Amino acid sequence: MKKITTFVRMKLLKHIGIFLAVALLASSCGMSKIKDISLSSVGIAYIVPTSMRSMDGKLLLGINNPSISFAVQEVTGTIRYEEKPIAHFSTGSIELQGKTDQVYELPCTVTLADGASLLDVLVIASKRSLNGLKVDVDIWGGLKKNGVIRAPLKFRDLDISKFSK
């Protein structure tokens, strides 16, 4: 059982990592001065279960940023399966350096939503499909203007299966 739950947690964290990378890129594309940013790789540095309902981890995101530097202070969100909340996540901050192609480490925490269980996650993972998984995301950060970070960018009902192809 321990190997299965570790595998499921790694798969879940990897898919969240892919989504977060795409969300970071999508948010940055909304800023008029930032363009042509691409994701070159996604990996997991580590995951550590902190309880039966949560885990911490560090994602490795390879990002090619031919444009200017910008910061993302935090990404928070909720993952839903067929409209039922399954998990909530939050990340640490990341500053993307301009005119670089490098790997960034992004700490994150994932917690099962109220009413969701590890069994729910196992059932979803056993389907080996991301169909039915949607996410709501708030991204805090962006270009600093007079020392002030922009208000959060909000994305709702994003289909996770579209980001994994």
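Solvent-accessible area of SER126, probe 1.4 Å, all protein chains present, reported in Å² to the nearest ten, please.
Its heavy atoms expose roughly 80 Å² to the probe.
Given points 7 Å out from each Cα along the Cα-Cβ axis, report the TYR46 to SER69 separation in nanometres with one decimal.
Result: 2.8 nm between the two label points.
In Å², and per residue, what accessible area does segment 39-154 have when probed at 1.4 Å with the other protein chains present?
For segment 39-154, the per-residue accessible area is 52 Å².
The values are calculated or read from the model by the stated rules, or taken from the named source; none is laboratory data. Bear in mind the structure is a predicted one, so any value in this text is a computation, not a measurement. Neighbour counts are summed over all protein chains in view; Cβ atoms, including those assigned to glycine, are modelled from backbone coordinates with ideal geometry. These accessible areas exclude ligands, DNA and RNA; they are computed on the full protein's heavy atoms, side chains included. Shrake-Rupley method; radii C 1.70, N 1.55, O 1.52, S 1.80 Å.
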